[in-house]
Amino acid sequence: AELRRVRSRGRGARSDLTGVSPETVDDLVLRRAGPADDEAMRALLGAAFPNNPKTRTAMTRWQWWDNPFGETLAWVWDDGGEIVAQYVAICAPGWIEGRALTVTLGIDAAVAPAYQGRRLFTPLSQTLYEDSLARGMPLYAYPNEQSWRGIARAGWVPVSTPSVHVFVLPGGARWLASRLSLPATVAPPLGLAARALFRSRRRSRALEVELTSLPPADLDSLWLASPASQASGIARGARWWQWRYDQHPDRPYQYVAVREHGVLAAAAAVGRREELGGRFLCILDLLAVRDDAARAVVNALADGLLGEADGVALTATPGSGLAGHARHMGLRRVPKRLQHRDIRFGVVPHPTIVAHPASLSWWTAWGDLDHI
């Protein structure tokens, strides 16, 4: 339905949204939102998540309303003209078992502080998911600790247990010492141990490496030749890289291109971010035809960009080809106790396209997690 109204009918009565007690929503309107609601939706994000970058018009125009892959789906709870909760799904180029199709990424869920605890999120999620699936688009989501239970009730299914893994190559002892709450006096020997444990200095054979400010050419060929195209997830060809990174309003990324005899053998999009209690070079996307080409990427980062960063980091679905690349690149999995947050990935099943998400092999990357 384009519009759903929920009214109090007394204790024990049920609303037209399955499983929602009417007294918890009390005359709110669940409706579709669009570009005309942009200002109000950005204000809600700012109220729910201080310092959210999507309080800027340029950000939502780029990601929501001018998205080249399809119409953005947005649903909101409206209280007398005020948007008090929202959930957005942006379109992306999908790849499910070798089939190209449009998928959606569920992002920017928010509930106004005064309306939290009123059971608005699950029916909001259900409506967004039904909308996406009715259009033939499976929906991916990376929920945080506050939202994953609500979207699980709405139909989201995790595809990996345990959660998405984080891999790092520390640049020194400072980060390890701080995460382990150790005194500064142990930093020198810890630094030696870190370099021994997280060693990535083995050089690849005759590979040409370039650090660049633009995504490299030939990404479509690299994508199809890489193990990423053998898994399900985002179709990580040139269109994805151009929109996700090069068309970002701020373009805060750098790239690594690895070539062998002039042919692109690996490429990475990198952002410098506050993560894991430190400042890391985060590999947001990585494509490589072989492990030695992937290793050339991290060697180039350690040589040319590391600077004051605490290390290099990437995320990968357990058991995926990207996780295999990480190990051959010299990165090691971060123990859960050293992470400051859990990362979950899951899919809302589509009855004919992806009925059993956990049975598929998935290739996820940090760039999918809406790290803008």
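For the range 336-366, the candidate set comprises residues that are among the polar types (S, T, N, Q) and part of a loop (DSSP other than H, G, I, E, B); within that set, the residue that is farthest from Ala228 (Cα to Cα) is Gln339.
Residues of the range 120-152 that are among the β-branched types (Val, Ile, Thr) and modelled with pLDDT under 95: Thr122, Ile151. Residue count for the range 67-100 satisfying the condition of being more than 26 Å from Gln116 (Cα to Cα) and within 19 Å of the chain's Cα centre (by Cα): 10. Of all the residues in the range 261-281, those that are at pLDDT below 95 and in a strand (DSSP E or B) number 9. Can you find a residue that is without any contact (Cβ under 8 Å) to a residue 40 or more places away in the chain and closer than 21 Å to Asp38 by Cα anywhere in the range 131-154? Among the residues of the range 131-154, not one is without any contact (Cβ under 8 Å) to a residue 40 or more places away in the chain and closer than 21 Å to Asp38 by Cα, which makes the answer no.
Restricting attention to the range 137-148, does a residue exist that is open to solvent by less than 10 Å² (accessible area, probe 1.4 Å) and over 21 Å from the mean Cα position of the chain (by Cα)? There is no residue in the range 137-148 that is open to solvent by less than 10 Å² (accessible area, probe 1.4 Å) and over 21 Å from the mean Cα position of the chain (by Cα). For the range 57-82, give me each residue that is open to solvent by less than 60 Å² (accessible area, probe 1.4 Å), of a type in the set (Val, Ile, Thr) and not in a strand (DSSP E or B). Of everything in the range 57-82, those that are open to solvent by less than 60 Å² (accessible area, probe 1.4 Å), of a type in the set (Val, Ile, Thr) and not in a strand (DSSP E or B) turn out to be Thr60, Thr72. Among the helices (runs of 4 or more DSSP H) confined to the range 166-239, there are none with at least 2 residues that are polar (S, T, N, Q), at pLDDT below 70 and open to solvent by 70 Å² or more (accessible area, probe 1.4 Å).
The values are calculated or read from the model by the stated rules, or taken from the named source; none is laboratory data. Quick caveat: nothing in here was measured; it's all calculated off a predicted structure. No Cβ is skipped: glycine too gets one built from the backbone with ideal geometry, and neighbour counts run over all protein chains shown. For accessibility, only protein heavy atoms count, side chains too; no ligands or nucleic acids. Shrake-Rupley method; radii C 1.70, N 1.55, O 1.52, S 1.80 Å.
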